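In what follows, a structure is listed as structure tokens, so that the remarks can point back to it.
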Amino acid sequence: MDSMQTNMLHLMGLDETMKMVTKNVFSSLPDAPVSLHAPLAFAAAARPPRDGVDRTGALPVGILCDILSRLPARDAARTSALSTRWRRLWRSVPLVLADAHLKHTGPSPPPVSEIDQVDGLGGVLRRAVDGTRDVASAVSRALAAHPGPFRSVHVTCTRMDAHHAELALWLQLLAAKGVQELVLVHQASKLDAGVRLPATLFRCSSLTCLYIGFLRFPDVATIQRAGAFPHLRELGLCSLVMGVRDLALLLDRCPVLENLEIVGHRELVRLRVASHSLRCVELCESVVEEITVEHAARLERLMFWEICGVGGVIDEDGCSINMCTKIKIGHAPNLRFLGFLVPGMHQLNIGNTIIKAGTKVSPKNMVRSVRVLGIQVKLFNHNEVKMLPIFLRCFPNVETLYIQCETTIHKPPGMLNPKFLQQTGPIDCLQKHIKKVIIREFRVHRSELDFVKFIAERGQVLEKIVIVLAQSYSSSADRLRSSMRTFMASVKLANEDCKVIVCESPFPSDGTAWCFQGAFNMSKDPFDVSQCSNSGASCRAA
């Protein structure tokens, strides 16, 4: 989330819950492909050529169009005042529009110039972005002025409950002029029923990327079968009011969808993955009854974080009692990344087997393709800890293991059950395949130290144990490094070359399980947030 979005949260006067939800939603959005911040370009523009020759204007048309495609809409429109040649060019370049770039912060606009009168189309857009303090009106005028197509449109700074008519108009224009990327987020001040999204959205058949947030989804069942997204490859559903049936029908109308993100869903989620195209599924901060992977030949990443199960209660220790989310894994031969499994809440089904305490793992209930596994666990809770060896046996080829430590306010953490440590039998992946273990939110509790000892004494090919301190412990990092060296000296390492690294949390406050946008970069480990930027742009970049 950039500074503009962070400041917006304070200006909107949101309560703490809404601030958290809004921050998470905006963190999950892709950045606009252009930026207002280009200091090098500004510096060059401030120095006119000494001989007065317009060398930029003499460049080939293809290069000029590429330059225009990298400018915010208001700057691209202003180039129409440079010359007749520029005036023709900007119309032919696919528009990139972000309403955050249209906010007028300068003096009152100048009167219509003679150039504006000559250049009707360019002048309309230029006056739209320069001459109004109403962002919604600026968006309407910009969309109407440009002939299309639209490469990217981001509308995230507008209260759509006050602009129903404009919202309907925008979608009509976007559908007619061919929008490729659309980010449409209502600037909500509270979690209410939300603004109903017009069904016109389904006419935007040219979309390849779609994110929508804080809106009520149209009733998909009432939309004609012709309404579909045949080219959509990336879909983000952010704090939507949307039923189980509508979600299923929507996914059915995205035949080439590769990336799916669901954040802060405001209805019960029951997700069925039966797709020949999906590669990455992210599901966060939602109430989830079931995730079923039936047939997903290309699925590489199944990621979930802070998803609550149905039924049951939360006790005073923060532990879930009889709360359950079913995670069913069927045919997913390319699944490489899975997490974060919660032993106390997630009921793992592999094939036709329910994985529970006492389950004897066999080849029929293993997923051999998984290489990176994430588990979120209370290491002091015996019922959760006893599931760890069973989960690990289900994924025998894991090479990187992430452990997200949890704690509670009321119950002091203790030691792992000694019998558990002594009686745990061989774990194939720990002995033969796991090379790296990352333990996050580490608080140096006795149960956490016992777990470090457990894996270090069994990891025969283990090369590295990375301990990421909880944010509140980062100020004592040097002292804790010394303590860990003393502790590890008493541990009999299965691999004497194994290194233990203690590092501070990369976040100023509570961290995240992964970078939302970085998860779509298939060349990187999505759970490695050590180099994650706040915006996620660097994580997504190749």
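The values are calculated or read from the model by the stated rules, or taken from the named source; none is laboratory data. These figures come from a predicted structure and were not determined experimentally. Every residue, glycine as well, gets a Cβ built from its backbone with ideal geometry; the counts of neighbours run over all protein chains shown. The area values use the complete protein model at the heavy-atom level, side chains included, leaving out ligands, DNA and RNA. Shrake-Rupley method; radii C 1.70, N 1.55, O 1.52, S 1.80 Å.
Can you tell me which residues in region 264-310 are in contact with a helix residue (DSSP H, G or I) (Cβ under 9 Å, 6 or more places away or on another chain), in contact (Cβ under 8 Å) with a residue 60 or more places away in the chain and not charged (D, E, K, R)?
264, 280, 284, 303
Take residue 451 and decide whether it is open to solvent by less than 30 Å² (accessible area, probe 1.4 Å), of a type in the set (Phe, Trp, Tyr) and within 16 Å of residue 389 (Cβ to Cβ). Quick ask: steps written out before the conclusion?
Working: open to solvent by less than 30 Å² (accessible area, probe 1.4 Å): yes; of a type in the set (Phe, Trp, Tyr): yes; within 16 Å of residue 389 (Cβ to Cβ): yes.
Yes: the conditions hold for residue 451.
Can you find a residue in region 306-315 that is more than 18 Å from residue 281 (Cβ to Cβ), touching a Leu at 6+ places or on another chain (Cβ under 8 Å) and at pLDDT 80 or above?
yes
Give me the residue from region 454-484 that is within 29 Å of residue 426 (Cβ to Cβ) and of a type in the set (Lys, Arg) and, out of that set, surrounded by the most Cβ atoms within 10 Å (Cβ to Cβ).
Looking at residues that are within 29 Å of residue 426 (Cβ to Cβ) and of a type in the set (Lys, Arg), I get 458.
Can you pull out every residue in region 330-374 that is farther than 22 Å from residue 276 by Cβ and surrounded by fewer than 14 Cβ atoms within 10 Å (Cβ to Cβ)?
352, 354, 356, 357, 358, 360, 362, 363, 364
Taking region 52-109 only, how many residues are aliphatic (A, V, I, L, M), surrounded by 12 or more Cβ atoms within 10 Å (Cβ to Cβ) and either in a helix (DSSP H, G or I) or at pLDDT below 70 (or both)?
Going through region 52-109 one residue at a time, the tally reaches 10.
Return only the number of the condition from (1) surrounded by fewer than 18 Cβ atoms within 10 Å (Cβ to Cβ); (2) in contact with an Asp or Glu (Cβ under 8 Å, 6 or more places away or on another chain) that residue 276 does not satisfy.
Only one criterion is unmet by residue 276, namely (2).
Might you check whether a residue that is in the same structural domain as residue 407 (by the TED database), at pLDDT below 90 and within 25 Å of residue 430 (Cα to Cα) occurs anywhere in region 493-500?
No, the conditions are met nowhere in region 493-500.
Just a yes or no: is a residue in region 216-229 part of a strand (DSSP E or B), open to solvent by less than 30 Å² (accessible area, probe 1.4 Å) and in contact with a strand residue (DSSP E or B) (Cβ under 6 Å, 6 or more places away or on another chain)? Explain how you work it out, then say what you get.
Taking region 216-229 and keeping what is part of a strand (DSSP E or B), we get 216.
Then keep just the ones that are open to solvent by less than 30 Å² (accessible area, probe 1.4 Å); that gives none.
Checking region 216-229: not a single residue is part of a strand (DSSP E or B), open to solvent by less than 30 Å² (accessible area, probe 1.4 Å) and in contact with a strand residue (DSSP E or B) (Cβ under 6 Å, 6 or more places away or on another chain).
Given the residues 245, 279, 233, 298, which is the only one that is under 30 Å from residue 354 (Cα atoms) and touching a Ser or Thr at 6+ places or on another chain (Cβ under 7 Å)? Write out each step before concluding.
Numbers: 245 fails: touching a Ser or Thr at 6+ places or on another chain (Cβ under 7 Å); 279 fails: touching a Ser or Thr at 6+ places or on another chain (Cβ under 7 Å); 233 fails: under 30 Å from residue 354 (Cα atoms).
Criteria check complete, one pass: 298.
Rundown of residues vs (1) in a strand (DSSP E or B); (2) at pLDDT below 90, yes/no style:
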| position | (1), (2) |
| --- | --- |
| 261 | yes, no |
| 266 | no, yes |
| 290 | yes, no |
| 293 | yes, no |
| 299 | no, no |
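Would you point out which residue out of 487, 527 is within 30 Å of residue 261 (Cβ to Cβ) and touching a residue at least 12 places away in the same chain (Cβ under 8 Å)?
From the options 487, 527, the qualifying one is 527.
What tally of residues in region 201-215 results from selecting those that are among the β-branched types (Val, Ile, Thr) and buried (at least 20 other Cβ atoms within 10 Å of the Cβ)?
The total comes to 1.
Can you tell me which of 519, 477, 494, 470 is more than 32 Å from the chain's Cα centre (by Cα) and not hydroxyl-bearing (Ser, Thr, Tyr)?
On the way: 519 fails: more than 32 Å from the chain's Cα centre (by Cα); 477 fails: more than 32 Å from the chain's Cα centre (by Cα); 470 fails: more than 32 Å from the chain's Cα centre (by Cα).
Among 519, 477, 494, 470, only 494 is more than 32 Å from the chain's Cα centre (by Cα) and not hydroxyl-bearing (Ser, Thr, Tyr).
Restricting to region 173-215, give me the number of residues that are more than 16 Å from residue 253 (Cα to Cα) and among the hydroxyl-bearing types (Ser, Thr, Tyr).
Residues in region 173-215 being more than 16 Å from residue 253 (Cα to Cα) and among the hydroxyl-bearing types (Ser, Thr, Tyr): 1 in total.
Restricting attention to region 219-239, report how many residues are modelled with pLDDT of 90 or more and either of a type in the set (A, V, I, L, M, F, W, C) or farther than 20 Å from residue 280 by Cα (or both).
Qualifying residue count, region 219-239: 5.
Between residues in region 20-47 that are assigned to a helix (DSSP H, G or I) and open to solvent by less than 80 Å² (accessible area, probe 1.4 Å) and residues that are acidic (Asp, Glu) and modelled with pLDDT of 75 or more, which pairs lie under 9 Å by C-beta distance while being six or more apart or on different chains?
These pairs meet every condition: 21/285; 24/285.
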